[in-house]
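Colleague: I have a structure I would like to understand better, so I am pasting it below and will then ask my questions one at a time.
The values are calculated or read from the model by the stated rules, or taken from the named source; none is laboratory data. Bear in mind that the values here come from a model prediction, so they are computed numbers and not experimental data. Neighbour counts are summed over all protein chains in view; Cβ atoms, including those assigned to glycine, are modelled from backbone coordinates with ideal geometry.
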Amino acid sequence: MRRILLASHGHFASGLKSSIDILAGESSGVTAIDAYVDNSDYTAAIREFIDSCTPNDEAVIFTDILGGSVFQKVALEQPEHHGVMHVTGMNLAVVMECLLTPEKLTKESVDEICAAAASQLRRVQVLNEEATDNSGEGFFS
Amino acid sequence: MIEQLRVDDRLIHGQVALMWSKALNTRGIIVANDGAAKDKMVASTLKMACPSSQHLLIKSVNDAEEVINDSRSKAMPIFVLTNCVKDALALVESCSGMIKEVNIANVGRFVNSEKTRVMPNVELTPEEVEAARELCKRGIPVFHQVTPNDAKTGVETALEDIR
């Protein structure tokens, strides 16, 4: 079975699920965790999802932003050790494609879907700008 | 100088990386946390969370004291993070004159023992309440401010109603 967990700060996850519902007609294979909308500890729900996945499932956890605390909570559960993939920086494109692709979800196919979805995130009328890398040598340098 | 010491049980995360390092205009972040200093998994997760504009050090609380008291820290705007009030108090006590202010921002969500809600996002165990009271006696501002756009709440006043 294809199983998808969306986890986010605030209602992005349930909002994305509702978008999928409208576009795909249903989202029953999608679970949403809206973190920090109340004071509850949401880590148990992440663990529960990972534990409930079987080797026959094609399971992916999507988190909202690289380095955010929701991302970190998922990363620390080491989902890959349970055969569950973790994709961060989720957008509607990547979740929809993972949900709807007729291909089996493998590391390779998910990488391809991520690359395609990432290419959808762009300023319209793109200019060729080089990003500057500004990583430091030593802390005090 | 340590522009701010923030108590945040999520250490480096969205609010810190996207908002605070910019608002405080720091050049470096020191995570002072014994667990993170020991755990490669936690450390590499924090590295991924750190914005590229900030140099990063992940140190035990003891080792962080040394870095903060390094003479080169005086000239560099630095942001320090601990995940509990007790560790913040230890740093303020041992790094006299180096820390401008303490922000008790997010504490207690992931603590499952007995805790009291002091402010929104701040739930303290009895030991943490005591550490917060001590912290308020050290002559530097101690407040609660989750994002730079929120108003500051004084911690000393918030503690008056506790127990």
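Colleague: Hey, residue A:109 hits all of (1) exposed (fewer than 14 other Cβ atoms within 10 Å of the Cβ); (2) farther than 26 Å from residue B:16 by Cβ but one; which does it fall short on?
Modeller: Answer for residue A:109: the failing condition is (1).
Colleague: Continuing with this model, one more query. For residue B:128, are the conditions met, namely being among the acidic types (Asp, Glu), surrounded by 20 or more Cβ atoms within 10 Å (Cβ to Cβ) and within 23 Å of residue B:58 (Cα to Cα)? If you could, list the steps in order and put the result at the bottom.
Modeller: Details: among the acidic types (Asp, Glu): yes; surrounded by 20 or more Cβ atoms within 10 Å (Cβ to Cβ): yes; within 23 Å of residue B:58 (Cα to Cα): yes.
So residue B:128 fits the description; yes.
Colleague: Shifting gears a bit: Is it the case that the range B:52-59 has a residue that's of a type in the set (D, E, K, R) and under 21 Å from residue A:76 (Cα atoms)?
Modeller: Scanning the range B:52-59, I find at least one residue that is of a type in the set (D, E, K, R) and under 21 Å from residue A:76 (Cα atoms), so the answer is yes.
Colleague: Separate question: Taking the residues in the range A:3-52 that are modelled with pLDDT of 95 or more and farther than 29 Å from residue B:15 by Cβ as candidates, determine which candidate is nearest to the other protein chains (Cβ to nearest Cβ).
Modeller: A:51
Colleague: Restricting to the range A:66-82, and then to whatever is touching a residue at least 12 places away in the same chain (Cβ under 8 Å) and touching a strand residue (DSSP E or B) at 6+ places or on another chain (Cβ under 7 Å), can you tell me which residue is farthest from residue A:121 (Cα to Cα)?
Modeller: Ranking the candidates gives A:79 first.
Colleague: A further question follows. Filter the range B:146-157 for residues that are at pLDDT 95 or above and crowded, with 16+ Cβ neighbours inside 10 Å and give the result.
Modeller: B:153, B:155, listed by residue number.
Colleague: Looking for something surrounded by fewer than 19 Cβ atoms within 10 Å (Cβ to Cβ), under 23 Å from residue B:23 (Cβ atoms) and among the aliphatic types (A, V, I, L, M) - is there at least one such residue anywhere in the range B:77-85? Walk me through how you get there before you give the answer.
Modeller: Step one: filter the range B:77-85 for residues surrounded by fewer than 19 Cβ atoms within 10 Å (Cβ to Cβ), giving B:77.
In the following step, the residues that additionally are under 23 Å from residue B:23 (Cβ atoms) were identified as B:77.
Now drop any that are not among the aliphatic types (A, V, I, L, M), which leaves none.
No, because not a single residue in the range B:77-85 is surrounded by fewer than 19 Cβ atoms within 10 Å (Cβ to Cβ), under 23 Å from residue B:23 (Cβ atoms) and among the aliphatic types (A, V, I, L, M).
Colleague: Look through the range A:16-28, keep the residues that are loosely packed, with under 13 Cβ neighbours inside 10 Å and closer than 16 Å to residue A:2 by Cα, and return whichever of them is farthest from the chain's Cα centre (by Cα).
Modeller: Checking each candidate, the answer is A:26.
Colleague: So, in the range A:83-105, of the ones that are touching a residue at least 24 places away in the same chain (Cβ under 8 Å) and of a type in the set (Val, Ile, Thr), which residue ends up nearest to residue A:63 (Cα to Cα)?
Modeller: Residue satisfying both the conditions and the ranking: A:88.
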